[in-house]
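A.B. asks: Dropping the structure in here first, questions after.
The values are calculated or read from the model by the stated rules, or taken from the named source; none is laboratory data. Computed from a predicted model, the values in this text were never measured in an experiment. No Cβ is skipped: glycine too gets one built from the backbone with ideal geometry, and neighbour counts run over all protein chains shown.
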Amino acid sequence: MVTVLMMTVAYVCKWMEHSVRGVLCYFAIFFAIFIIVWVIQFVIWKRRISKINSKITYKN
């Protein structure tokens, strides 16, 4: 959903080249940023869950 909205806004505001190459480049950049943010969030939550699990194990 967000991708479609961002692509539309980028196209209308001329943030990207109005060609197939421009759309593909913009989508690739958007996707790369999405993956980077997802991996960072995954690592953060994995550490938090590990800490919670170790506290649970310690109390038992």
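A.B. asks: Which residue is surrounded by the most Cβ atoms within 10 Å (Cβ to Cβ), if the candidates are limited to region 12-59 and must be part of a loop (DSSP other than H, G, I, E, B) and in contact with a helix residue (DSSP H, G or I) (Cβ under 9 Å, 6 or more places away or on another chain)?
C.D. replies: MET16
A.B. asks: Something else: In the list TRP15, TRP38, TRP45, which residue meets the criterion of being of a type in the set (A, V, I, L, M, F, W, C), more than 12 Å from the chain's Cα centre (by Cα) and modelled with pLDDT of 95 or more?
C.D. replies: After ruling out the rest, the residue left standing is TRP45.
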